[in-house]
């Protein structure tokens, strides 16, 4: 006869009246997206790889979307021993440390190629540039590399580096359900998961699932002979204003610790759209509806509350690992993920999880990486705020640090960059027969009057270079983008 044990969950010293019985099975809880935590921990202990298992390897490693380094990569159709060429039909090249023993591009020749391109009037009144070899740190070209400039979305490179350094690529954010204070009360607790979804069929890249969380919660409640509850929600992990400092936007939701599907009420997966004004309340109301569908009566409307400290969770669902969140943020320039990662960096640093606390935490983490932050400011994590200031030299330094073999935890910063002509915000740029297609991997930056591009390229000889080109006071965005693409392509053909 199996051992039966009865749990009575308590919050502080107050008994809540939810009695769970099912012995050793329940004791292995809490439930986490259809599996008990003990089962998940056992599976995870067999190989923590950041989202996928590509065979035995040392950890941490590059995120699985683009593992490995250039050295030894065979390009389809290339003759044995031939250099990696450019043009149509090229396959994207995986990022990494490159071939550090290959010859460096000639700095004078690179300058001769880049200077007239940087003088393009489309780049406005202020142009800054930095190109360095990631393996040696050698400066190959620069123009006002220390000038702080509004970076637009290239600041997401900063956010990614800080979050990866603070949290690690394997870390996941938990959304939980815990007993509340009083009989029949439960609390949905937001853990700041920007990948949380309420869709029955989660989109690619989703992590936590409100649907799975509701199913696990209903199962735990029924095991305790509880079928009627009052639901509260706790989104107190974040503090300060929830609205972005520049106001209400259609490309970012109010920043709260409990948000499903990025506050998109139109069932879309990406792109600008009017967002809900109350992400936390909407997520809680959706969760209540999901519980009702699973046979749990929810009385009244969910109300904001504070979860009892130290309460044992009834159910848990977890986000995509930080490595995956970073990649999705960079590839698609996702502002919601960016602001969440900035706040999670603040949480890890013991700072208030607000715009102000995140700014302090991100700056401290980058300083800890040994980077010169003179003149820099990180007013937000997404780059929507024009108060952000970043230099081209800081961006190339960060990219080179991410390529450092001794910093594998930062590698998703490189693997998440869009690939020219292939993915994300570079899918239609430097495409076709451009010499940059497949070799340029870069984060775009676009605000009115601001255009930027920062990333990495692999030269024909196999060197991995990092570059950053930032332009201010531009008047024609598409023309500025084309000028930036020409600069990046020129770096790709250096040497």
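The values are calculated or read from the model by the stated rules, or taken from the named source; none is laboratory data. All figures in this text were calculated on a predicted structure; none of them were measured in a lab. When we count neighbours, we look across all protein chains shown, and the Cβ atoms used for this are built from the backbone with ideal geometry, even at glycine.
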Here is a list of conditions, (1) buried (at least 24 other Cβ atoms within 10 Å of the Cβ); (2) in a helix (DSSP H, G or I); (3) touching a strand residue (DSSP E or B) at 6+ places or on another chain (Cβ under 9 Å), and residue 193 meets all of them except one; can you say which number that is?
(2)
If I go through region 339-361 residue by residue, how many of them are free of Cβ contacts under 8 Å to residues at least 24 places away in the same chain, over 24 Å from residue 264 (Cβ atoms) and either in contact with a strand residue (DSSP E or B) (Cβ under 9 Å, 6 or more places away or on another chain) or not in a loop (DSSP other than H, G, I, E, B) (or both)?
3
Would you mind stating whether residue 213 is in the same structural domain as residue 254 (by TED's automatic domain parsing), under 28 Å from the mean Cα position of the chain (by Cα) and assigned to a strand (DSSP E or B)?
no
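Kindly establish whether residue 234 is buried (at least 19 other Cβ atoms within 10 Å of the Cβ), under 18 Å from residue 202 (Cα atoms), touching a strand residue (DSSP E or B) at 6+ places or on another chain (Cβ under 6 Å) and not assigned by TED's automatic domain parsing to the domain that holds residue 357.
Values: buried (at least 19 other Cβ atoms within 10 Å of the Cβ): yes; under 18 Å from residue 202 (Cα atoms): no; touching a strand residue (DSSP E or B) at 6+ places or on another chain (Cβ under 6 Å): yes; not assigned by TED's automatic domain parsing to the domain that holds residue 357: yes.
No, not satisfied.
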Checking the structure you have, find out if any residue of region 295-317 is at pLDDT 95 or above and closer than 28 Å to residue 416 by Cβ.
yes
Considering only region 321-338, I want to know if a residue exists there that is closer than 27 Å to residue 236 by Cβ, part of a loop (DSSP other than H, G, I, E, B) and out of contact with any strand residue (DSSP E or B) (no Cβ under 8 Å at 6 or more places or on another chain).
yes
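So that you can scan it fast, the table gives a plain yes or no per residue for (1) farther than 30 Å from residue 197 by Cβ; (2) buried (at least 19 other Cβ atoms within 10 Å of the Cβ); (3) touching a strand residue (DSSP E or B) at 6+ places or on another chain (Cβ under 9 Å):
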position: 101; (1), (2), (3): yes, no, no
position: 128; (1), (2), (3): yes, yes, yes
position: 134; (1), (2), (3): yes, yes, yes
position: 147; (1), (2), (3): yes, no, yes
position: 158; (1), (2), (3): no, yes, yes
Some residue of region 306-315 being outside any strand (DSSP E or B), touching a strand residue (DSSP E or B) at 6+ places or on another chain (Cβ under 8 Å) and farther than 25 Å from residue 231 by Cβ
no
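Here's the yes/no breakdown for (1) more than 28 Å from residue 297 (Cα to Cα); (2) in a loop (DSSP other than H, G, I, E, B); (3) more than 22 Å from the chain's Cα centre (by Cα):
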position: 175; (1), (2), (3): no, no, no
position: 199; (1), (2), (3): no, yes, no
position: 221; (1), (2), (3): no, no, yes
position: 249; (1), (2), (3): yes, yes, no
position: 255; (1), (2), (3): yes, yes, no
position: 259; (1), (2), (3): no, yes, no
position: 262; (1), (2), (3): no, no, no
Residue check for residue 462: assigned to a loop (DSSP other than H, G, I, E, B) and outside the structural domain of residue 246 (by TED's automatic domain parsing)
yes
Any hit, region 471-483, residues being under 17 Å from residue 113 (Cα atoms) and assigned to a helix (DSSP H, G or I):
yes
Can you spot a residue in region 254-264 that is assigned by TED's automatic domain parsing to the domain that holds residue 185, under 26 Å from residue 312 (Cα atoms), touching a strand residue (DSSP E or B) at 6+ places or on another chain (Cβ under 7 Å) and in contact (Cβ under 8 Å) with a residue 40 or more places away in the chain?
yes
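Of all residues in region 438-456, which are in a loop (DSSP other than H, G, I, E, B) and farther than 21 Å from residue 134 by Cβ? Before you say what the answer is, go through the steps one by one.
As a first pass, look at region 438-456 and keep what is in a loop (DSSP other than H, G, I, E, B): 438-440, 448-449.
Of everything in region 438-456, those that are in a loop (DSSP other than H, G, I, E, B) and farther than 21 Å from residue 134 by Cβ turn out to be 448, 449.
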